[in-house]
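The values are calculated or read from the model by the stated rules, or taken from the named source; none is laboratory data. Just so you know, these numbers come straight off a predicted model, no measurement behind them. Cβ atoms come from the backbone with ideal geometry, glycine included; neighbour counts cover every protein chain shown.
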Amino acid sequence: MAICFWSYRENSPMETTVLRNNPPVIYQKIPAFSDDADIAKGVVQALVIVDVFAKSNRSFNLLIHFPGTDASTLYSLTAHKIWSVGFRQNETVGRLLRKTAVVARYSPKFDAERAAMESATQQFFSDFNEALTWLISS
């Protein structure tokens, strides 16, 4: 398991942590989405940490984890849009993000998303340690 260097959490069910410093891995744990406001708070949490890397112009990897649940029960299209617009389409993220790993329990929805979205820089995993290993490999 990785070492937590520091984390940020502010009134949100989402937790954002820096797991590794070299290469940097930002870990976003998403146990549940209760409403759109929680999602927006979680995005702000992640961007606070991203800003630290942006100031030093350091690239980073992102690990998104839906622990112990079927990812399809945790977010809606609206939730995904809020997260995507607020985080993935942020100019700094677009410039500095190297790789993204998504970890969730296998389900038909997870498999469909994997088939539609997996690429050389974005991979889907059912195992946390496999995802982390992939992110820190060159």
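Identify all residues within region 118-132 that are touching a helix residue (DSSP H, G or I) at 6+ places or on another chain (Cβ under 7 Å) and closer than 17 Å to residue 60 by Cβ; write none if there are none.
123
Among the residues of region 93-128 satisfying the criterion of being of a type in the set (Gly, Ala, Ser) and in contact (Cβ under 8 Å) with a residue 12 or more places away in the chain, which is farthest from residue 48 (Cα to Cα)?
In this case the residue turns out to be 107.
Of all helices (runs of 4 or more DSSP H) completely enclosed by region 46-138, which ones contain at least 2 residues that are modelled with pLDDT of 80 or more?
Because the criterion is at least 2 residues that are modelled with pLDDT of 80 or more, the helices (runs of 4 or more DSSP H) in region 46-138 that meet it are 91-96, 108-117, 128-136.
Looking at residue 39 and the list (1) at pLDDT below 75; (2) surrounded by fewer than 22 Cβ atoms within 10 Å (Cβ to Cβ), which single condition is not satisfied?
Evaluating residue 39 over (1) at pLDDT below 75; (2) surrounded by fewer than 22 Cβ atoms within 10 Å (Cβ to Cβ) leaves (2) as the failure.
Output the residue which, of all residues in region 3-31 that are among the hydrophobic types (A, V, I, L, M, F, W, C) and surrounded by 14 or more Cβ atoms within 10 Å (Cβ to Cβ), is modelled with the lowest pLDDT.
Selected residue: 14.
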